[in-house]
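The values are calculated or read from the model by the stated rules, or taken from the named source; none is laboratory data. What you see is a predicted model; the values in this text were computed from it and never measured. We place every Cβ from the backbone using ideal geometry, glycine too, and count neighbours over all the protein chains shown. Quick note on the areas: whole protein, heavy atoms, side chains included, nothing else; ligands and nucleic acids left out. Shrake-Rupley method; radii C 1.70, N 1.55, O 1.52, S 1.80 Å.
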Amino acid sequence: MSIPKDSEQQTGRRKEELDALAAGDVGFNRDPIIPADDAGSKENPILVPSGAHLRAVGFEDPSTHQLKWFNLRAGNLHFVPSIGLYFKLKHI
(Lines give C-alpha, C1' and ligand atoms only; values in the text may rest on other atoms or scores of the structure.)
Protein backbone atom coordinates (compact mmCIF):
# COMPACT_ATOMS: atom_id res chain seq x y z
CA MET A 1 0.00 0.00 0.00
CA SER A 2 1.27 3.48 -0.82
CA ILE A 3 0.29 7.00 0.08
CA PRO A 4 -1.97 8.51 -2.61
CA LYS A 5 -0.58 11.38 -4.66
CA ASP A 6 -1.98 14.86 -4.21
CA SER A 7 -3.68 14.70 -7.63
CA GLU A 8 -5.46 11.47 -6.63
CA GLN A 9 -7.02 13.10 -3.58
CA GLN A 10 -8.32 16.30 -5.13
CA THR A 11 -11.98 16.98 -5.85
CA GLY A 12 -14.08 19.80 -7.27
CA ARG A 13 -12.49 22.78 -8.97
CA ARG A 14 -8.96 21.81 -7.96
CA LYS A 15 -9.41 18.40 -9.62
CA GLU A 16 -10.75 20.09 -12.77
CA GLU A 17 -7.68 22.32 -12.82
CA LEU A 18 -5.24 19.41 -12.34
CA ASP A 19 -7.01 17.29 -14.98
CA ALA A 20 -6.82 20.15 -17.49
CA LEU A 21 -3.14 20.68 -16.69
CA ALA A 22 -2.43 16.97 -17.23
CA ALA A 23 -4.20 17.19 -20.62
CA GLY A 24 -2.07 20.20 -21.58
CA ASP A 25 -4.89 22.72 -21.19
CA VAL A 26 -5.36 25.71 -18.90
CA GLY A 27 -8.15 24.95 -16.45
CA PHE A 28 -8.39 28.40 -14.92
CA ASN A 29 -6.80 31.46 -16.45
CA ARG A 30 -5.27 33.64 -13.75
CA ASP A 31 -3.79 36.23 -16.10
CA PRO A 32 -4.99 39.78 -15.52
CA ILE A 33 -7.33 41.42 -17.99
CA ILE A 34 -5.82 44.63 -19.30
CA PRO A 35 -8.64 46.43 -21.11
CA ALA A 36 -8.30 48.95 -23.89
CA ASP A 37 -8.23 52.60 -22.77
CA ASP A 38 -11.77 53.19 -24.07
CA ALA A 39 -13.28 50.09 -22.40
CA GLY A 40 -15.38 50.20 -19.25
CA SER A 41 -18.23 52.44 -20.33
CA LYS A 42 -21.85 51.29 -20.35
CA GLU A 43 -21.72 51.13 -24.16
CA ASN A 44 -18.31 49.39 -24.21
CA PRO A 45 -17.97 47.30 -21.02
CA ILE A 46 -14.84 45.39 -20.09
CA LEU A 47 -15.41 41.86 -21.40
CA VAL A 48 -14.39 39.12 -18.96
CA PRO A 49 -13.95 35.71 -20.62
CA SER A 50 -15.41 32.66 -18.90
CA GLY A 51 -16.35 29.11 -19.77
CA ALA A 52 -19.04 29.20 -17.10
CA HIS A 53 -22.06 31.42 -16.50
CA LEU A 54 -20.47 32.95 -13.39
CA ARG A 55 -16.98 34.26 -12.70
CA ALA A 56 -15.35 35.93 -9.73
CA VAL A 57 -13.63 39.18 -10.72
CA GLY A 58 -11.13 41.06 -8.59
CA PHE A 59 -10.00 44.68 -8.80
CA GLU A 60 -7.86 47.02 -6.73
CA ASP A 61 -9.87 49.54 -4.75
CA PRO A 62 -8.29 52.95 -5.48
CA SER A 63 -8.78 54.35 -1.98
CA THR A 64 -7.59 51.37 0.09
CA HIS A 65 -5.39 49.58 -2.49
CA GLN A 66 -6.99 46.33 -1.35
CA LEU A 67 -8.22 43.62 -3.66
CA LYS A 68 -12.02 43.49 -3.84
CA TRP A 69 -14.12 40.80 -5.50
CA PHE A 70 -17.54 40.52 -7.10
CA ASN A 71 -19.39 37.78 -8.98
CA LEU A 72 -20.06 38.53 -12.62
CA ARG A 73 -23.05 36.66 -14.09
CA ALA A 74 -23.80 35.98 -17.75
CA GLY A 75 -26.24 38.44 -19.30
CA ASN A 76 -25.79 41.09 -16.62
CA LEU A 77 -23.90 44.35 -16.86
CA HIS A 78 -22.04 45.05 -13.61
CA PHE A 79 -21.01 48.56 -12.54
CA VAL A 80 -18.32 49.14 -9.91
CA PRO A 81 -18.85 52.67 -8.52
CA SER A 82 -15.46 52.95 -6.79
CA ILE A 83 -13.62 52.65 -10.12
CA GLY A 84 -16.40 53.87 -12.41
CA LEU A 85 -16.24 50.89 -14.79
CA TYR A 86 -18.74 48.46 -16.31
CA PHE A 87 -18.03 44.74 -16.77
CA LYS A 88 -19.75 42.04 -18.80
CA LEU A 89 -19.18 38.29 -19.01
CA LYS A 90 -18.09 36.96 -22.41
CA HIS A 91 -18.82 33.25 -22.72
CA ILE A 92 -16.01 31.32 -24.41
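Which ones in segment 16-30 are open to solvent by less than 90 Å² (accessible area, probe 1.4 Å) and farther than 19 Å from Arg55 by Cβ?
Across segment 16-30, the qualifying residues are Leu18, Asp19, Ala23, Gly24.
Between a first residue in segment 80-91 that is free of Cβ contacts under 8 Å to residues at least 24 places away in the same chain and a second residue that is polar (S, T, N, Q), which pairs have beta carbons less than 9 Å apart while being 6 or more apart in sequence or on different chains?
As it stands, the answer is Ser82/Ser63, since those pairs meet every condition given.
Report the residue count in segment 55-92 for those that are within 28 Å of Glu17 (Cβ to Cβ), open to solvent by less than 60 Å² (accessible area, probe 1.4 Å) and outside any strand (DSSP E or B).
The number of residues fulfilling the criteria is 2.
Would you be able to say whether some residue in segment 44-54 is within 26 Å of Val26 (Cβ to Cβ), in contact with a Phe, Trp or Tyr (Cβ under 6 Å, 6 or more places away or on another chain) and not in a strand (DSSP E or B)?
Checked segment 44-54: at least one residue is within 26 Å of Val26 (Cβ to Cβ), in contact with a Phe, Trp or Tyr (Cβ under 6 Å, 6 or more places away or on another chain) and not in a strand (DSSP E or B).
Which one of these does Pro35 not meet: (1) open to solvent by 60 Å² or more (accessible area, probe 1.4 Å); (2) in a loop (DSSP other than H, G, I, E, B)?
With respect to (1) open to solvent by 60 Å² or more (accessible area, probe 1.4 Å); (2) in a loop (DSSP other than H, G, I, E, B), Pro35 is out only on (1).
Starting from segment 1-19, take each residue that is hydrophobic (A, V, I, L, M, F, W, C) and list its partners that are assigned to a loop (DSSP other than H, G, I, E, B) and surrounded by 10 or more Cβ atoms within 10 Å (Cβ to Cβ), counting only C-beta distances under 6 angstrom and pairs at least six apart or across chains.
Leu18/Gln10
Kindly indicate the residue of segment 1-32 that is in a loop (DSSP other than H, G, I, E, B) and within 17 Å of the chain's Cα centre (by Cα) and also modelled with the highest pLDDT among those meeting that condition. If you could, list the steps in order and put the result at the bottom.
Going residue by residue through segment 1-32, those that are in a loop (DSSP other than H, G, I, E, B) are 1-5, 10-11, 23-32.
Cutting the leftovers down to within 17 Å of the chain's Cα centre (by Cα) gives us 25-32.
On the way: Asp25: 81, Val26: 75, Gly27: 69, Phe28: 72, Asn29: 73, Arg30: 76, Asp31: 80, Pro32: 84.
My answer is Pro32.
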